[in-house]
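Student: Okay, handing you the structure first.
The values are calculated or read from the model by the stated rules, or taken from the named source; none is laboratory data. Owing to the predicted nature of the structure, the values given are computational and were not obtained by experimental measurement. Every residue, glycine as well, gets a Cβ built from its backbone with ideal geometry; the counts of neighbours run over all protein chains shown.
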Amino acid sequence: MIRLYDFLPSGNGYKVRLLLHQLGIPYELVECDLKNKSKELLERNPYGKVPVLVDGDAVIYESAIINEYLEDKFPTPALLPKSPEGRARVRIITRFHDLYLEPPLRSLFGQMNPKTRDEKVVGEKVTEFKSRLDQLEKIIADGGFATGSDFTLADCALAPTMFFATNLLPAFGAQPLDGRPRIAAWWTHVQTRPSVKKALGEMGEALAAMQRGGN
(Lines give C-alpha, C1' and ligand atoms only; values in the text may rest on other atoms or scores of the structure.)
Protein backbone atom coordinates (compact mmCIF):
# COMPACT_ATOMS: atom_id res chain seq x y z
CA MET A 1 0.00 0.00 0.00
CA ILE A 2 1.11 3.57 -0.71
CA ARG A 3 2.36 5.51 2.31
CA LEU A 4 2.04 9.28 2.49
CA TYR A 5 4.15 11.26 4.95
CA ASP A 6 2.35 14.50 5.71
CA PHE A 7 1.75 17.29 8.20
CA LEU A 8 -1.86 18.29 8.83
CA PRO A 9 -3.35 20.48 7.48
CA SER A 10 -0.64 20.97 4.84
CA GLY A 11 -2.01 22.42 1.62
CA ASN A 12 0.67 20.66 -0.43
CA GLY A 13 -0.15 17.41 1.31
CA TYR A 14 -3.82 17.82 0.55
CA LYS A 15 -2.97 18.46 -3.09
CA VAL A 16 -1.76 14.84 -3.11
CA ARG A 17 -4.51 13.47 -0.88
CA LEU A 18 -7.17 15.04 -3.08
CA LEU A 19 -5.70 13.25 -6.09
CA LEU A 20 -5.55 9.95 -4.22
CA HIS A 21 -9.25 10.38 -3.39
CA GLN A 22 -9.98 11.19 -7.03
CA LEU A 23 -8.16 8.07 -8.21
CA GLY A 24 -9.73 5.92 -5.50
CA ILE A 25 -6.33 4.75 -4.25
CA PRO A 26 -6.10 3.63 -0.60
CA TYR A 27 -3.07 4.83 1.31
CA GLU A 28 -1.53 4.81 4.76
CA LEU A 29 -1.08 8.26 6.29
CA VAL A 30 2.03 8.88 8.38
CA GLU A 31 1.64 12.15 10.29
CA CYS A 32 4.89 14.06 10.73
CA ASP A 33 6.07 16.61 13.28
CA LEU A 34 7.96 19.20 11.25
CA LYS A 35 9.33 20.88 14.38
CA ASN A 36 11.00 17.66 15.47
CA LYS A 37 11.72 15.86 12.22
CA SER A 38 12.02 12.12 12.60
CA LYS A 39 14.91 10.06 11.27
CA GLU A 40 12.34 8.17 9.22
CA LEU A 41 11.22 11.34 7.41
CA LEU A 42 14.77 12.58 6.84
CA GLU A 43 15.78 9.21 5.40
CA ARG A 44 13.02 9.56 2.82
CA ASN A 45 13.43 13.25 2.07
CA PRO A 46 16.74 14.93 2.92
CA TYR A 47 14.94 18.30 2.76
CA GLY A 48 12.85 17.21 5.74
CA LYS A 49 9.69 18.43 4.02
CA VAL A 50 6.32 16.88 3.31
CA PRO A 51 4.53 15.40 1.51
CA VAL A 52 6.59 12.32 0.74
CA LEU A 53 5.02 9.39 -1.08
CA VAL A 54 6.41 5.88 -0.76
CA ASP A 55 5.19 3.35 -3.30
CA GLY A 56 7.14 0.13 -2.98
CA ASP A 57 10.76 1.02 -3.69
CA ALA A 58 9.83 4.42 -5.11
CA VAL A 59 10.26 7.41 -2.78
CA ILE A 60 8.95 10.64 -4.27
CA TYR A 61 8.75 14.16 -2.86
CA GLU A 62 7.60 17.58 -4.05
CA SER A 63 3.82 17.59 -4.38
CA ALA A 64 3.69 18.49 -8.08
CA ILE A 65 6.08 15.65 -8.93
CA ILE A 66 4.14 13.23 -6.73
CA ASN A 67 0.93 14.09 -8.54
CA GLU A 68 2.48 13.66 -11.98
CA TYR A 69 3.90 10.32 -10.83
CA LEU A 70 0.44 9.21 -9.75
CA GLU A 71 -1.01 10.42 -13.06
CA ASP A 72 1.62 8.41 -14.94
CA LYS A 73 1.09 5.26 -12.89
CA PHE A 74 -2.70 5.45 -12.66
CA PRO A 75 -3.76 7.12 -15.94
CA THR A 76 -7.47 6.36 -15.53
CA PRO A 77 -9.27 8.63 -14.91
CA ALA A 78 -6.94 10.99 -16.73
CA LEU A 79 -5.97 14.17 -14.88
CA LEU A 80 -3.86 15.56 -17.72
CA PRO A 81 -5.29 16.29 -21.19
CA LYS A 82 -4.11 14.22 -24.15
CA SER A 83 -2.95 17.16 -26.25
CA PRO A 84 0.44 18.82 -25.63
CA GLU A 85 -1.33 22.19 -25.55
CA GLY A 86 -3.81 21.03 -22.92
CA ARG A 87 -1.08 19.48 -20.77
CA ALA A 88 0.96 22.67 -20.99
CA ARG A 89 -2.03 24.72 -19.84
CA VAL A 90 -2.49 22.52 -16.79
CA ARG A 91 1.21 22.82 -15.97
CA ILE A 92 1.15 26.59 -16.39
CA ILE A 93 -1.51 26.84 -13.67
CA THR A 94 0.08 24.29 -11.33
CA ARG A 95 3.45 26.04 -11.62
CA PHE A 96 1.84 29.44 -11.11
CA HIS A 97 0.21 28.04 -7.99
CA ASP A 98 3.41 26.57 -6.56
CA LEU A 99 5.75 29.47 -7.31
CA TYR A 100 3.56 32.56 -7.03
CA LEU A 101 0.11 32.01 -5.51
CA GLU A 102 0.67 29.74 -2.53
CA PRO A 103 3.89 31.18 -0.98
CA PRO A 104 2.50 34.56 0.18
CA LEU A 105 -0.56 32.86 1.66
CA ARG A 106 1.64 30.37 3.51
CA SER A 107 3.59 33.30 4.97
CA LEU A 108 0.40 34.44 6.71
CA PHE A 109 -0.08 31.23 8.68
CA GLY A 110 2.31 32.43 11.37
CA GLN A 111 0.48 35.75 11.61
CA MET A 112 -2.94 34.47 12.68
CA ASN A 113 -2.60 35.58 16.31
CA PRO A 114 -3.44 39.33 16.49
CA LYS A 115 -1.28 39.67 19.63
CA THR A 116 1.91 38.51 17.96
CA ARG A 117 1.43 39.32 14.28
CA ASP A 118 3.73 41.64 12.38
CA GLU A 119 1.43 44.11 10.64
CA LYS A 120 4.11 45.02 8.11
CA VAL A 121 4.48 41.40 7.03
CA VAL A 122 0.69 40.99 6.95
CA GLY A 123 0.24 44.06 4.77
CA GLU A 124 2.93 42.97 2.32
CA LYS A 125 1.78 39.37 2.03
CA VAL A 126 -1.94 40.16 1.77
CA THR A 127 -1.19 42.68 -0.98
CA GLU A 128 0.99 40.17 -2.82
CA PHE A 129 -1.58 37.39 -2.52
CA LYS A 130 -4.38 39.62 -3.79
CA SER A 131 -2.20 40.56 -6.75
CA ARG A 132 -1.62 36.87 -7.48
CA LEU A 133 -5.35 36.23 -7.30
CA ASP A 134 -5.87 38.97 -9.88
CA GLN A 135 -3.38 37.18 -12.12
CA LEU A 136 -5.15 33.86 -11.58
CA GLU A 137 -8.45 35.53 -12.52
CA LYS A 138 -6.96 36.21 -15.95
CA ILE A 139 -5.65 32.71 -16.63
CA ILE A 140 -8.27 30.44 -15.06
CA ALA A 141 -10.97 29.10 -17.36
CA ASP A 142 -14.22 31.03 -17.62
CA GLY A 143 -16.64 28.42 -16.30
CA GLY A 144 -16.10 24.79 -15.38
CA PHE A 145 -12.84 23.65 -13.89
CA ALA A 146 -9.48 25.44 -13.81
CA THR A 147 -8.55 24.76 -17.44
CA GLY A 148 -11.96 23.98 -18.93
CA SER A 149 -14.59 21.27 -18.78
CA ASP A 150 -12.34 18.55 -17.32
CA PHE A 151 -11.07 18.15 -13.76
CA THR A 152 -7.24 18.13 -13.82
CA LEU A 153 -4.11 18.37 -11.70
CA ALA A 154 -4.58 22.15 -11.81
CA ASP A 155 -7.75 21.82 -9.73
CA CYS A 156 -5.96 19.50 -7.29
CA ALA A 157 -3.36 22.22 -6.76
CA LEU A 158 -5.69 25.18 -6.44
CA ALA A 159 -8.48 23.76 -4.26
CA PRO A 160 -6.54 23.33 -0.96
CA THR A 161 -5.02 26.80 -1.28
CA MET A 162 -8.40 28.36 -1.97
CA PHE A 163 -9.77 26.57 1.11
CA PHE A 164 -7.17 28.33 3.23
CA ALA A 165 -7.72 31.64 1.44
CA THR A 166 -11.49 31.67 1.99
CA ASN A 167 -11.21 30.51 5.60
CA LEU A 168 -8.23 32.53 6.82
CA LEU A 169 -7.94 35.66 4.71
CA PRO A 170 -11.05 37.37 6.14
CA ALA A 171 -9.17 37.53 9.47
CA PHE A 172 -6.85 40.00 7.72
CA GLY A 173 -9.70 42.03 6.26
CA ALA A 174 -9.52 40.51 2.76
CA GLN A 175 -12.16 38.65 0.76
CA PRO A 176 -10.44 36.54 -1.91
CA LEU A 177 -13.50 36.03 -4.12
CA ASP A 178 -14.68 39.64 -4.25
CA GLY A 179 -14.31 41.15 -7.71
CA ARG A 180 -13.00 37.88 -9.16
CA PRO A 181 -16.00 36.23 -10.85
CA ARG A 182 -14.03 33.55 -12.68
CA ILE A 183 -12.36 32.32 -9.49
CA ALA A 184 -15.65 32.52 -7.61
CA ALA A 185 -17.45 30.46 -10.28
CA TRP A 186 -14.63 27.90 -10.35
CA TRP A 187 -14.61 27.64 -6.54
CA THR A 188 -18.35 26.93 -6.46
CA HIS A 189 -18.07 24.37 -9.24
CA VAL A 190 -14.98 22.51 -8.05
CA GLN A 191 -16.55 21.87 -4.64
CA THR A 192 -19.22 19.73 -6.32
CA ARG A 193 -16.54 17.14 -7.05
CA PRO A 194 -16.77 14.27 -4.48
CA SER A 195 -12.99 14.00 -4.14
CA VAL A 196 -12.74 17.74 -3.46
CA LYS A 197 -15.57 17.60 -0.92
CA LYS A 198 -13.81 14.78 0.91
CA ALA A 199 -10.41 16.48 0.96
CA LEU A 200 -11.81 19.86 2.03
CA GLY A 201 -13.83 18.17 4.78
CA GLU A 202 -10.65 16.58 6.08
CA MET A 203 -8.87 19.93 5.88
CA GLY A 204 -11.64 21.58 7.86
CA GLU A 205 -11.37 18.97 10.61
CA ALA A 206 -7.58 19.27 10.74
CA LEU A 207 -7.69 23.07 10.80
CA ALA A 208 -10.28 23.08 13.59
CA ALA A 209 -8.17 20.66 15.62
CA MET A 210 -5.11 22.88 15.23
CA GLN A 211 -7.05 25.98 16.22
CA ARG A 212 -8.38 24.21 19.32
CA GLY A 213 -4.82 23.33 20.20
CA GLY A 214 -3.70 26.93 19.85
CA ASN A 215 -1.51 26.27 16.79
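Student: Please determine, by comparing only the residues of the range 1-51 that are outside any loop (DSSP other than H, G, I, E, B) and touching a Cys at 6+ places or on another chain (Cβ under 6 Å), which one is surrounded by the fewest Cβ atoms within 10 Å (Cβ to Cβ).
Tutor: Only one residue tops the list, namely Leu41.
Student: A follow-up question, please. Every residue in the range 20-43 that is under 22 Å from Leu79 (Cβ atoms) and touching a Ser or Thr at 6+ places or on another chain (Cβ under 8 Å), please.
Tutor: His21, Gln22
Student: Somewhere in the range 92-106, is a residue assigned to a helix (DSSP H, G or I) and outside the structural domain of Pro170 (by TED's automatic domain parsing)?
Tutor: no
Student: For Glu85, only one of the following conditions fails: (1) in a helix (DSSP H, G or I); (2) more than 13 Å from the chain's Cα centre (by Cα); (3) closer than 16 Å to Cys156 by Cβ. What is its number?
Tutor: Among (1) in a helix (DSSP H, G or I); (2) more than 13 Å from the chain's Cα centre (by Cα); (3) closer than 16 Å to Cys156 by Cβ, the lone unmet condition for Glu85 is (3).
Student: What about Leu207, is it surrounded by 14 or more Cβ atoms within 10 Å (Cβ to Cβ), in contact (Cβ under 8 Å) with a residue 40 or more places away in the chain and hydrophobic (A, V, I, L, M, F, W, C)?
Tutor: Taking the combined requirement at face value, the residue satisfies it.
Student: So which residues in the range 156-187 are surrounded by fewer than 14 Cβ atoms within 10 Å (Cβ to Cβ) and under 14 Å from Ile140 (Cα atoms)?
Tutor: Passing the criteria: only Pro181.
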